[in-house]
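To start, the structure itself, in structure tokens.
Readers should treat all values here as calculations from the given coordinates under stated rules, not as data from a laboratory. Given the structure is predicted, the values throughout are model-derived calculations rather than measurements. Quick reminder, even Gly has a Cβ in these numbers, built from the backbone with ideal geometry, and neighbours come from all protein chains shown.
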Amino acid sequence: MAKGLQPVQGMSDLSGGELRLWQGMEATARRVFAAHGFSELRTPLLEDVSLFTRAVGETTSVVRKEMYDFEKGHLHLALRPEGTAGVIRHASTVGAQEAAGARWFYIGPMFRHERPQAGRRRQFHQAGVECLAPPSPRTDAEILSLQVDLLRAWGIEARARVNTRGAAGDHVAVAAGLKEALAPHRAALCADCQRRMDENVLRVLDCKNPACGEIVAGLPPVTTWMGDEAKAYFAETLRLLGVLGVEADVSPLLVRGLDYYEHTIWEITGATGAQDALAGGGRYRMDLGGEEWCGVGFAIGLERVAGLLAATGKADAVAVPPAKLAWLVGMGPAAEERLFRTMRAWRADGIPCRMGEGSLKKQMRQADKAGAAYAVLCGDAELAAGTLVVKDMASGEQRALPEAEARATLRSLLA
Ligand code: AMP
């Protein structure tokens, strides 16, 4: 047979059992978000490219290399590579007064033109939150604990690695300090990092090149160049995480890839030690055309969560169960017509049901293939008696019931 059309590389369809896992993950996320006072926000997948260059940062690899952008008419647009920028754009759209203190969550696809490899998709999905509150260790600790609690609700025990990016006023001193500390190693850094040293030295700390990693591991913690305010903020955040019982390890060289972070930042890897992060988050300050927005948020990669749940045998506990269905099987034109009418009435009553066509044998095969939980049979005898035969497809057990009783039984079993 000819091979059918495939989805674009790095993107995939979701269906069947895999989709049921995603539906279960999403339902759990919605429940946990609601318990923390978050409401959903759906922003467009396409935004003006300038939103991402401004919000995420022009020198980040997400914007520099990975964004799908194109020109159409007089617009230069980009498929969103992450969720925060769109949320902040929405805040700006509705205005500061309405957006102040907002707690929004989103669940949806993001797009990055990455080299396809295990764990790196070009269309991937994130569940994330943004809490538009000014800097406060309590809010930061609350949002990190929300993320840990959501992972736990999915059955994943995770530890966060946390660090501070310092207050906005520390960024210049941190960059200068890092540059000075890296200067003696400049020649040993990869070409990208040599450029990063001049453009945005923090990016050097994110480099995946092992030689750069070794140099970075020998650097002093970034707090070395921060003021007392940032250090006190971080200490208080760690204390409050302790109050909540959230386990977190300080990771003194964690900076995360995007430009807009300040104060608390974190990353979470699954307990299986997968090389890639499950989730990341942090506090940020964004300047969108003269308007400044502060908040704290996180994004969890849903492909990574689904993969971890499948690998650890926990997927079935999270997945929504398969839908149960009754299959109406008519023998003879009069019975079929009765069932055709019955089907419409039952559906209005919330009983999921379908009908096929053809011989009895064929209809039973169709019921079996669809995974129907019950078959409901009607022939001339049932027509005359006003009954229906309800057959449990798994056990084979069957009973003739008056139509009203059959309907009530199936409603309680399936609706
Ligand atoms: P980031 O926005 O880069 O902090 O990513 C947040 C989370 O999204 C990561 O921890 C990953 O779980 C997930 N993620 C980011 N990029 C990808 C990708 N290309 N494919 C799959 N998941 C991703």
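Some points to look at:
- Taking label positions 7 Å along the Cα-Cβ direction at both Lys231 and Ala168, the computed distance is 2.4 nm, reported to one decimal.
- Nonlocal amide H pairs with Cys353, under 5 Å, H built at 1.01 Å: Ala326
- Only one residue of Ala91, Val305, Asn163 has its Cα farthest out toward the positive end of the dipole of the chain, where Lys and Arg carry +1 and Asp and Glu -1 on Cβ, and that residue is Val305.
- Its Kirkwood hydrodynamic radius, worked out from the mean inverse distance over all distinct Cα pairs, puts region 326-414 at 12.6 Å.
- When the alpha carbon coordinates of region 273-378 are projected onto the principal axes, the ranges are 72, 38, 19 Å, largest first.
- When the trypsin sites (Lys or Arg not before Pro) in region 28-117 are filtered for DSSP coil states and for at most 12 other beta-carbon atoms within 10 Å of their beta-carbon, the remaining sites are Arg42, Lys65.
- If you run the Gaussian network model on the chain, springs between alpha carbon atoms under 10 Å, then out of Trp154, Trp266, Trp225 the most flexible one is Trp225.
- The chain: antiparallel DSSP beta bridges as a percent of all, rounded to 5: 80 percent
- Of the beta bridges in region 326-414, as assigned by DSSP with both residues counted there, near 55 percent are antiparallel.
- Options Phe340, Phe111, Ser251, ranked by Cα towards positive dipole end of the chain, top entry (Cβ charges): Phe340
- Residues Thr224, Thr409, arranged from fewest to most other Cβ atoms within 10 angstrom of their Cβ, appear as Thr224, Thr409.
- Computed magnitude of the charge dipole of region 82-205 (debye, nearest 20; Cβ of K, R +1, Cβ of D, E -1): 480 debye
- Bridgeable aspartates and glutamates around Lys391 (alpha carbons under 13 Å apart, same-chain partners fewer than 8 residues away excluded): Asp368.
- Fully extending the segment from His36 to Lys324, taken as 0.36 nm per residue of separation minus the present Cα-Cα distance, adds 100.5 nm.
- Quotient of the Cα radius of gyration of the chain and 2.2 N^0.38 Å, N being its number of residues: 1.28.
- Max mean-square fluctuation residue, GNM over the chain, Cα-Cα springs under 10 Å, options Glu382, Glu236, Glu157: Glu382
- Cα centroid separation - region 202-264 against region 61-75, whole Å: 30 Å
- Partners for Lys65 among lysines (Cα-Cα distance below 27 Å; same-chain residues under 8 apart left out): Lys179, Lys208
- Net charge in the neighbourhood of Phe52 (other residues with Cβ under 14 Å of its Cβ; Lys, Arg +1, Asp, Glu -1) is -2.
- Between helix 333-348 and the chain: long-axis angle, C-alpha atoms, 0 to 90°, nearest 10: 40 degrees
- Bridging of Lys72 to aspartates and glutamates at a Cα separation below 13 Å is possible for Glu47, Asp48, once same-chain residues fewer than 8 apart are set aside.
- Label sites at Arg195 and Arg159, each approximated as a point 7 angstrom past Cα along Cα to Cβ, lie 3.7 nm apart.
- Sites Glu397 and Asp149 - FRET efficiency at Förster radius 56 Å, r taken between beta-carbons, to 0.05: 0.80
- Its Cα centre serving as origin, the chain has a Cβ charge dipole (Lys and Arg +1, Asp and Glu -1) of approximately 1100 debye.
- Cβ crowding within 10 Å, taken as a proxy for footprinting-reagent exposure, orders Phe52, Phe340 from fewest neighbours to most as Phe340, Phe52.
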